[in-house]
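Trainee: What follows is a single structure, and I will ask about it in a moment.
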């Protein structure tokens, strides 16, 4: 365990490992996304209540899921960083935040578009929508805080604590449709009983969710590579790496 | 018959516009999230290589 942490906790080793993981994850992620996309658009029968309109669920629910999943992973990394002081954990949080912001934006956007024909309104201030909006603002707040503090060590610590405080929002989002009266429909697959959807309709949803999570790991690897270059730009191994690239491309 | 199927597919029972905007936005977000870090990586490599080049130039003028 300790050996593992020390090996992958080193930014240099992680830089090269991340490149390899990106290449391995790219194709499976694409395959799952295609299954979800084609299945959701073409092969799934229309819904009894919502007609064809429910097909937005295959974009909306997985991106909302991912936005919450990314936040929980950031919280786990924050604990790892605060307890064991592992630099890569702090970089992982920084790499994840913009992705989380993008996908929570996508969830809000598609939610508004789905709300218009089904509820007759783009937006209402009810529990689910408001708590999802707060998640989006938490991501933006994290990015702002990280870029406002120039001292890396202070910045990493402060933003890790911010992430941990925001965790309280996750159960609120999840249970908001149960605790409060809302226009939003109840949970479809994230419940302990069997999914509230027919198997013939649910498989593109699983495809999209698996595909998007793989995609997140994939692009988090790219972003963490940038983060490592930004932070370790002056170290010897980065200069050697860049020199090698310069020689190869004759820059 | 074929043309009819295609029109029906894009029409989506009247929900066409909502569905296609959602899916287009989804694709856009995925594409941007893939491209932005790739561009940033390239830019970082370029900045660092420029710095190395400058150091080399300084070194050459003083030696």
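Taken together, the values in this text are just the output of simple stated rules run on the coordinates, not laboratory data. A quick note: this is a predicted structure, and the numbers were derived from the prediction, not measured. Counting neighbours? That spans all protein chains shown, and the Cβs are built from the backbone with ideal geometry, glycine included.
Trainee: Of the residues that make up the stretch A:76-97, is at least one surrounded by fewer than 21 Cβ atoms within 10 Å (Cβ to Cβ) and within 14 Å of chain B (Cβ to nearest Cβ)? Let's see the steps before the verdict.
Mentor: Within the stretch A:76-97, the first condition is being surrounded by fewer than 21 Cβ atoms within 10 Å (Cβ to Cβ), and the residues that meet it are A:76, A:79-80, A:82-87.
Those left that are additionally within 14 Å of chain B (Cβ to nearest Cβ): none.
No, the stretch A:76-97 contains no residue that is surrounded by fewer than 21 Cβ atoms within 10 Å (Cβ to Cβ) and within 14 Å of chain B (Cβ to nearest Cβ).
Trainee: Can you tell me how many residues in the stretch A:233-244 are more than 7 Å from chain B (Cβ to nearest Cβ) and either buried (at least 18 other Cβ atoms within 10 Å of the Cβ) or in a helix (DSSP H, G or I) (or both)?
Mentor: Looking only at that region, the number is 5.
Trainee: Quick check: anything in the stretch A:55-68 more than 30 Å from residue A:14 (Cβ to Cβ), more than 8 Å from chain B (Cβ to nearest Cβ) and surrounded by 23 or more Cβ atoms within 10 Å (Cβ to Cβ)?
Mentor: At the first step, the residues of the stretch A:55-68 found to be more than 30 Å from residue A:14 (Cβ to Cβ) are A:55-61.
Still in the list and also more than 8 Å from chain B (Cβ to nearest Cβ): A:57-58, A:61.
Applying the additional criterion that residues be surrounded by 23 or more Cβ atoms within 10 Å (Cβ to Cβ) yields A:57-58.
Among the residues of the stretch A:55-68, at least one is more than 30 Å from residue A:14 (Cβ to Cβ), more than 8 Å from chain B (Cβ to nearest Cβ) and surrounded by 23 or more Cβ atoms within 10 Å (Cβ to Cβ), which makes the answer yes.
Trainee: A follow-up question, please. Could you list, in sequence order, all residues of the stretch B:4-19 that are within 26 Å of the chain's Cα centre (by Cα) and surrounded by 16 or more Cβ atoms within 10 Å (Cβ to Cβ)?
Mentor: If the condition is that a residue be within 26 Å of the chain's Cα centre (by Cα) and surrounded by 16 or more Cβ atoms within 10 Å (Cβ to Cβ), then B:16, B:18, B:19 are the ones that fit.
Trainee: Of everything in the stretch A:39-53, what is without any contact (Cβ under 8 Å) to a residue 40 or more places away in the chain and within 12 Å of chain B (Cβ to nearest Cβ)? Give them in sequence order.
Mentor: First pass over the stretch A:39-53, keeping only residues without any contact (Cβ under 8 Å) to a residue 40 or more places away in the chain: A:41-42, A:46, A:48-49, A:51-52.
Answer for the stretch A:39-53, where residues must be without any contact (Cβ under 8 Å) to a residue 40 or more places away in the chain and within 12 Å of chain B (Cβ to nearest Cβ): A:41, A:42, A:46, A:51, A:52.
Matching residues to (1) out of contact with any helix residue (DSSP H, G or I) (no Cβ under 6 Å at 6 or more places or on another chain); (2) at positive phi; (3) in a helix (DSSP H, G or I); (4) facing chain A (nearest Cβ under 7 Å):
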{"site": "B:5", "(1), (2), (3), (4)": "yes, no, yes, no"}
{"site": "B:8", "(1), (2), (3), (4)": "yes, no, yes, no"}
{"site": "B:13", "(1), (2), (3), (4)": "no, yes, yes, yes"}
{"site": "B:19", "(1), (2), (3), (4)": "no, no, yes, yes"}
{"site": "B:24", "(1), (2), (3), (4)": "yes, no, yes, no"}
{"site": "B:31", "(1), (2), (3), (4)": "yes, no, yes, no"}
{"site": "B:35", "(1), (2), (3), (4)": "yes, no, yes, no"}
{"site": "B:38", "(1), (2), (3), (4)": "yes, no, yes, yes"}
{"site": "B:42", "(1), (2), (3), (4)": "yes, no, yes, no"}
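Trainee: Mind telling me which of the residues A:163, A:168 ends up being away from chain B (no Cβ under 14 Å), within 16 Å of the chain's Cα centre (by Cα) and within 30 Å of residue A:80 (Cβ to Cβ)?
Mentor: On inspection, the qualifying residue turns out to be A:163.
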